[in-house]
Amino acid sequence: MSPAIWPGDLLTFEPIRIEQVKRGDVVLFRAEGPSSSESGGQRLTAHRVVDLDSSCLVTRGDALEACDPPVQASALLGRLVAVKPNHWRRFRGRVSLVVRRLRPAALRGPSIGSAHG
């Protein structure tokens, strides 16, 4: 769901009925996923609503081109009402990117034949 939501962000959802959902809402729903004994073959997904009717929703992740399979009313869990960004995780990622870019230059040392006065 980046750039609106990043891994590590804290999301708050409110319960909602399918009749209350609007195009553009980010909703939480149960989707078919890798089978496991704990989840019963389902996983939680938060994606944006791109189309809807009275019985199902069509959703898509913001960074994805393809839509998800239709979401039935029984799979709908809630609507996103708040995002608390995890700034440390985002900041740490940017710092490591800068360090990786600088490290090769730092390892080269001074260039041979340069005049230093």
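The values are calculated or read from the model by the stated rules, or taken from the named source; none is laboratory data. Quantities reported herein were computed from a predicted structural model and do not represent experimental measurements. All Cβ positions, even for glycine, are placed from backbone atoms using ideal geometry, and neighbour counts span all protein chains on display.
A few notes on this one:
- Options 102, 80: the member that is among the aliphatic types (A, V, I, L, M) and either modelled with pLDDT of 70 or more or within 19 Å of residue 32 (Cα to Cα) (or both): 80
- Pairs with Cβ under 9 Å, 6+ apart, first in region 43-64 and in contact (Cβ under 8 Å) with a residue 60 or more places away in the chain, second surrounded by fewer than 16 Cβ atoms within 10 Å (Cβ to Cβ) and not in a strand (DSSP E or B): 61/2; 62/2; 62/3; 62/4; 63/2; 63/3
- Selection within region 57-70 - more than 18 Å from the chain's Cα centre (by Cα) and surrounded by 16 or more Cβ atoms within 10 Å (Cβ to Cβ): 57
- Search result, residues across region 1-12 that are within 16 Å of residue 59 (Cα to Cα) and either of a type outside the set (Ser, Thr, Tyr) or surrounded by 15 or more Cβ atoms within 10 Å (Cβ to Cβ) (or both): 1, 4, 5
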